[in-house]
Amino acid sequence: MPKPIKFNYEKKAPFRDASLFIIVCEGGNWEPDYFRFFDGMSPRVIVVPVECVDGKSAPKYLIEPATAEEEKRDATRENDCLWFVIDTDKWQDQIHELRQICNDHPRWHVAQSTRVLRCGCIGT
């Protein structure tokens, strides 16, 4: 009878670290509820719902919490990224300003949501 093959298994350090995705979204609309689904699924996906303070919920008010979360999580690797999810119907004019700010941060991106997208996400 042939001798069984022995496999020596030893756990090694990961050879590739996964990307960190920070998702920053307004606190009053559907985006936080939708993206909370992903929060906790992986330590590398972080959802940061930003609540409206003193009636201020424009995209430019998301910059400070985004920067704080990026520093808190040490999101400095090349493949780490931060996404702003913004309601296009509500903030159409300010989205351009946010995109200009993102140009200074190569790992920052803007995703625009629309009524059609929201209906599709809720309906499925």
Inset, instruction - Tell me, yes or no, whether the stretch 102-111 has at least one residue that is closer than 17 Å to residue 57 by Cα, small (Gly, Ala, Ser), surrounded by 11 or more Cβ atoms within 10 Å (Cβ to Cβ) and at pLDDT 80 or above. - result: yes
Inset, instruction - Filter the stretch 67-78 for residues that are surrounded by 12 or more Cβ atoms within 10 Å (Cβ to Cβ) and either polar (S, T, N, Q) or touching a His at 6+ places or on another chain (Cβ under 9 Å) (or both) and give the result. - result: 67, 70
Legend entry - Only one of 82, 98, 62 that is in a strand (DSSP E or B) and modelled with pLDDT of 80 or more: 82
Legend entry - Answer residue from the stretch 22-42, given it is in contact with an Asp or Glu (Cβ under 8 Å, 6 or more places away or on another chain) and modelled with pLDDT of 75 or more and is farthest from residue 87 (Cα to Cα) among those: 22
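The values are calculated or read from the model by the stated rules, or taken from the named source; none is laboratory data. Keep in mind it's a predicted model, so treat the numbers as computed, not measured. We place every Cβ from the backbone using ideal geometry, glycine too, and count neighbours over all the protein chains shown.
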